[in-house]
Amino acid sequence: MIAFLICALALTLGAAALVVVPLWRGGADAARRQGAALGLAVMAVSAALYPVLGTPSGIGARAAPAPAELTRTEAVAMVERLAQEMLSEPGNAQGWLVLARAYTAMERYPDASDAYARLVKLAPPTARMLTDFAEVLALSQGKRLQGEPERLLIQAAELEPEYVEARVLLASAQFERGDHGAAIDSWRKVAALAPQDSPAARLAADAIADAGKRQVRPAPPEQVGGVPQEIGVPQVGGLLELDPALLARTSGEAKVFIFARAPQGRGPRFPLAVLERRVRDLPLRFTLDDTMSMAAGAKLSDHATLVVGARIAVNGSATPSPGDLEAVSAPVALGTADLRLRIASVVR
């Protein structure tokens, strides 16, 4: 029975994908729901016709009228039956693949993520498998590509450098965390791989232009004693990590505030720029700039040196509290891009 269910679902999901994927990749929630509904409709029609056209007695004979169209409830039951069958054959990689895609079409993203997690332990990974896994993980965590989804996309891009979908989502992940330079590089690779005037190529062109506008440009050189002196770009960034010894003190959903402020006695005490993320996103590359300013007239770019810090708000408060976890740098030059911060201290 499981062999039949796998074959039937594989064929119907393959047909449904021709309709679902263009709508699903489009990004709009209404379009995604429509895609899932159409996919289920294909499954329903195929299942309804099988008793007449899919049995030996139906070949060259007048069979009884086809049963009524399969309802959504019946389609869901069909998928649940496969899920139950998979419990008795947990090593069946093809079954987990079909189940993962079925759950995705039904918008059951956590279940799809679990199925993909089982699949990657059983079958050699492919770029498509890893990309689909990354996408459902992102959808199951509020459409955020940070953390594990981005790691899977990097692996997919390394495995098959010409797989466009992995490149598209990787560029989106980089843009999401503010690494506009890396996003532009990834979009350029998409543009090089995609056919000219294709939707992917047009999307890449628009995204490159958008990321370029957000990327802060270097200021022109200043003259110091008659010698040209390059000054830093009005941003600061680097890599933020969490000491594994402190993992037990927090959770993946805890807020992480990354900030830059003036050194003591050289400016306002409040942060000049703040970026909010979650512990689950760590480790992550970050960039702080004037777009993240907290107060008009108090700009990061007005200061030649900055102190950069990060704090995990264990209680969720924007105000530092005992028990929070933190890291604070020594003063660094404006324009520093390779700062490395490690959260390893507990606020007392």
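Each reported figure results from applying straightforward, stated rules to the coordinates on display, with no laboratory input. None of the values given here were measured: they were computed from a predicted structure. Quick reminder, even Gly has a Cβ in these numbers, built from the backbone with ideal geometry, and neighbours come from all protein chains shown.
Kindly state, to the nearest 0.05, the FRET efficiency for D197 paired with D338, given R0 = 51 Å and r defined as their beta-carbon distance. The pair D197/D338 has a calculated efficiency of 0.85. Computed extension gain for A209 through R280, at 0.36 nm per residue and net of the alpha carbon distance, reaches 22.6 nm.
Each Lys or Arg adds one and each Asp or Glu subtracts one; over the other residues with Cβ under 9 Å from the Cβ of F286, this totals +2. Couplings 3J(HN,Hα) of the stretch 178-190, computed from phi: x, 8, 5, x, 5, 4, 4, 4, 5, 5, 5, 5, 4 Hz, in residue order, whole Hz [Karplus 6.51 cos²θ - 1.76 cosθ + 1.60, θ = phi - 60°; x for Gly and Pro].
For the peptides 234-243, 83-92, the ranking by mean Cβ contacts within 10 Å, running from highest to lowest, is 234-243, 83-92.
What number comes out for the charge environment of P195, summing +1 per Lys or Arg and -1 per Asp or Glu over other residues with Cβ under 13 Å away? Overall, the nearby charge balance is -1. Our estimate of slack between N315 and V328, defined as 0.36 nm per intervening residue step minus the Cα-Cα distance, is 2.7 nm. Which of rounded, prolate, oblate describes the stretch 94-181, given a ≥ b ≥ c as roots of the alpha-carbon gyration tensor eigenvalues and a/c under 1.5 marking rounded, otherwise prolate only if a/b is larger than b/c? In terms of gyration-tensor shape, oblate. In summary, the lysines within cross-link reach of K189, defined as a Cα separation below 28 angstrom excluding same-chain residues under 8 places away, comprise K143, K213.
Computed from backbone phi with θ = phi - 60° and the Karplus coefficients 6.51, -1.76 and 1.60, the 3J(HN,Hα) list for the stretch 236-242 is 8, x, x, 10, 10, 10, 10 Hz; x is used for glycine and proline. Between K121 and D290, the FRET efficiency estimated from the beta carbon spacing at R0 = 45 angstrom works out to 0.50.
Per-residue packing, averaged as other Cβ atoms within 10 Å, sorts the ranges 126-138, 247-259 into the order 126-138, 247-259, beginning with the highest. Other residues with beta-carbon under 14 Å from the beta-carbon of V79 carry, at +1 per Lys or Arg and -1 per Asp or Glu, a net charge of -2. Database remark: amide H of K255 closer than 5 angstrom to the amide H of A313, G316 (H placed geometrically; neighbours at sequence offset of 5 or more, or on other chains; Pro and chain starts carry no H).
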